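A.B. asks: Shown below is the structure under consideration.
Every read-out reported here was derived from the displayed coordinates using simple, explicitly stated rules and does not represent laboratory data. These numbers were taken from a predicted model, which means no experiment stands behind them. As a convention, Cβ positions derive from the backbone with ideal geometry for all residues, glycine included, and neighbour counts pool all protein chains shown.
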Amino acid sequence: MRFDLATTIPFLLGLCGSAGALTGCYSCPHPSEYSSSATVHNGLQEEVMKALGDLHIALCDEYCTTLPADSVCTPTPGELPKETSARCNVTYPDGTVSTESTASTGYAAALSNGLGDCETFCRDAYNAQNPEATIHPSFDSCEVIGNVPYDYDLQCLFFVGCQGAGRAPRGLIRDAAGPVAGDPVATYWAEMAYLERASIVAFEELAEDLARLGAPSDLVDRALAAAGDEREHARVCGGLAEARGASPASPRVTEVPSRTLLDIALHNARHGCVNESFAALEALYQAANAEDPEVREALTRIGHDETRHGQLAWDIDAWARTALDPELHSLLDQERARAAEQLVIEAPRACGPRLSEVGLGRPSAIRFLARAFGEQALSAA
């Protein structure tokens with residue numbers, strides 16, 4: 001039986017409106033926190049060791065200024081601190097030599113400064129642990145925490161928007177517009193415009209692939225029409241972002257090899273049947289809850305367009321299954337299930353009262369919708 005998104009979305013919105021549990025909303029930190037110990041212990045070890053050496057020299061020099069005149073301080077040769085402090089040899093004017101600790105407080109913070117730009121390490125960690133992520137965080141800052149260098153971690157802070165994921169093209173480089181200080185709504189619209197621009201590429205690629213593989217012309221035409229819709233969405237979202245002082249980024253896409261039918265079907269299962277379909281549901285939920293009339297109008301149009309795009313994904317899924325070996329169908333089901341599971345984690349991030357203007361003031365409602373949609377999507381297998 002054909003999965004009907006136009007019927008499913010109103011049904012889920014009705015559930016959301018009557019769910020008493022939705023009153024218990026929480027506010028996520030802004031920016032949202034993300035940390036990874038693997039980054040430090042694997043990717044940063046060499047930098048940590050170098051920074052420790054430089055830090056010891058600086059701290060010993062600083063320590064010497066508090067001692068009697070003509071005292072000489074040098075880092076303890078070949079040793080690393082066993083606590084959060086640096087150790088150095090002090091030679092006093094009378095010739096006495098002692099090994100003393102310096103900077104017993106603030107050591108980890110000083111090491112963080114010594115590491116310099118850690119954005120690359122943070123992004124590598126995020127991308128490695130979230131290979132299928134469709135919400136692309138903007139880097140904010142990092143800090144080394146813990147007992148350096150024996151038991152420590154690199155805490156990375158990102159700004160994570162709460163926009164619908166939509167369909168992402170292959171080879172999309174995970175960039176995003178940076179957060180606008182003090183204005184999460186401006187950042188939201190900039191990230192929305194970025195993702196809508198990326199979706200233009202995704203649908204143009206999809207139309208090309210479908211035509212190459214001999215798909216029904218109706219599917220090809222609908223993919224091209226969807227690219228046109230996304231172009232208009234990008235214009236509208238970009239205008240709302242610029243009105244608040246934000247500058248949407250342009251997506252960068254690397255060239256990738258031609259896809260097989262299975263490749264296309266797997267990509268469609270995640271980015272179409274799940275992400276694009278949920279983007280429609282989320283946009284229409286926002287339209288019903290946004291405070292600004294202009295925003296409600298924009299999100300209503302986007303939601304109805306995304307509903308057609310999501311339905312296209314389900315129809316492509318049905319066509320692909322007729323052309324694929326039945327033994328491969330389970331792979332599509334598994335990909336859809338993984339995407340639905342990740343959606344529950346990603347969709348509510350950084351929602352909260354500061355995004356009420358765009359209808360995202362209740363993160364628990366978005367989580368509820370993500371779970372309910374996931375159940376519907378999995379039952380359609």
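A.B. asks: With a Förster radius of 45 Å, plug the Cβ-Cβ distance of Leu262 and Glu291 into 1/(1 + (r/R0)^6) and report the FRET value to the nearest 0.05.
C.D. replies: Once rounded, the FRET efficiency stands at 0.50.
A.B. asks: Using the number of other C-beta atoms within 10 angstrom as an exposure proxy, rank Val274, Val358 with the fewest first.
C.D. replies: Least to most surrounded, the residues fall as Val358, Val274.
A.B. asks: Where in segment 244-270 does the label zone of Leu331 land, with the point 7 angstrom along Cα→C-beta and an amide N cut-off under 12 Å?
C.D. replies: Correct set: 260-267.
A.B. asks: How do Trp314, Trp189, Trp319 line up, fewest other C-beta atoms within 10 Å first?
C.D. replies: Listing Trp314, Trp189, Trp319 from fewest to most nearby Cβ atoms yields Trp319, Trp314, Trp189.
A.B. asks: For segment 209-286, what is the convex hull volume of the alpha-carbon atoms per residue, in Å³?
C.D. replies: In segment 209-286, the Cα hull volume divided by residue count equals 115 Å³.
A.B. asks: Please report the net charge: other residues with Cβ closer than 12 Å to the Cβ of Thr300, K and R +1, D and E -1.
C.D. replies: Charge balance in the 12 Å sphere: -2.
A.B. asks: Right, next: Would you mind ranking Ser364, Ser217 so that the residue whose beta carbon has the fewest other beta carbons within 10 Å leads the list?
C.D. replies: Listing Ser364, Ser217 from fewest to most nearby Cβ atoms yields Ser217, Ser364.
A.B. asks: In a shell of Cβ-Cβ distance under 14 Å around Ala243, excluding Ala243 itself, what net charge do Lys and Arg (+1) and Asp and Glu (-1) give?
C.D. replies: Here the charged neighbours net out to -3.
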